[in-house]
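The structure under discussion appears below in the form of structure tokens.
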Amino acid sequence: MQIETIKSGDREMTISVRGEMDAQGCSLIRDDIERIADNAGDRAVVIDISKVNFLDSSGIGAIVYLYKRIKSKGGSLSISNASGQPLELMELLRINTAIPVQSANHFQEAR
């Protein structure tokens, strides 16, 4: 699993996650998650998961952990481009009741 900051401005930070967000993948990016949480400040952080093909409880845990850290600093967190199994799991667990989740076909549905 890989994570990278693709856009970082004064008000918003967009990060992209690629691969499987499972226990093994999350252990590989633990330091990156801490760095993002430390640097987010009061910005809006958007996690683009368009390249995530699998999500399990460890991935959900990493997202919730990041959400709590960012929120405690006055920032916000949202998920974008969710689809397939990751979107289904987030809907099943009702993650979108706390964290805004935008599906990959959100713009197609709006038309």
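Every number here is computed from the coordinates shown, using simple stated rules; none is lab data. Owing to the predicted nature of the structure, the values given are computational and were not obtained by experimental measurement. Quick reminder, even Gly has a Cβ in these numbers, built from the backbone with ideal geometry, and neighbours come from all protein chains shown.
Electrostatic bookkeeping for Ile33 treats Lys and Arg as +1 and Asp and Glu as -1; over the other residues with beta carbon under 13 Å from its beta carbon, the sum is -1. Each other residue within a Cβ distance under 11 Å of Gly59 adds +1 if Lys or Arg and -1 if Asp or Glu, for a net charge of -3. Each label point was placed 7 Å from the Cα along the Cα-to-Cβ direction; for Ala98 and Ala23 their separation is 2.1 nm. Over the C-alpha trace of the chain, radius of gyration and Dmax come out as 13.0, 40 angstrom.
Residues in the stretch 7-18 carry Karplus couplings, in order, of 7, 9, x, 5, 10, 9, 10, 10, 10, 10, 10, 9 Hz; the curve used is 6.51 cos²θ - 1.76 cosθ + 1.60 with θ = phi - 60°, and Gly or Pro positions show x.
What number, rounded to the nearest 500 deg cm²/dmol, is the helix-based mean residue ellipticity at 222 nm of the chain, given -39500 (n - 2.57) per DSSP H run of at least four residues and division by all its residues?
Result for the chain, helices only: -12000 deg cm²/dmol.
What does a probe at Lys71 reach in the stretch 11-34, counting residues whose amide N is under 15 Å from the point 7 Å along Cα→Cβ? Once the point is set 7 Å along Cα→Cβ of Lys71, nothing inside the stretch 11-34 turns out to lie under 15 Å by backbone N. Between Glu4 and Asp56, the modelled label-to-label distance comes to 2.6 nm, taking each label 7 Å out from Cα in the direction of the beta carbon.
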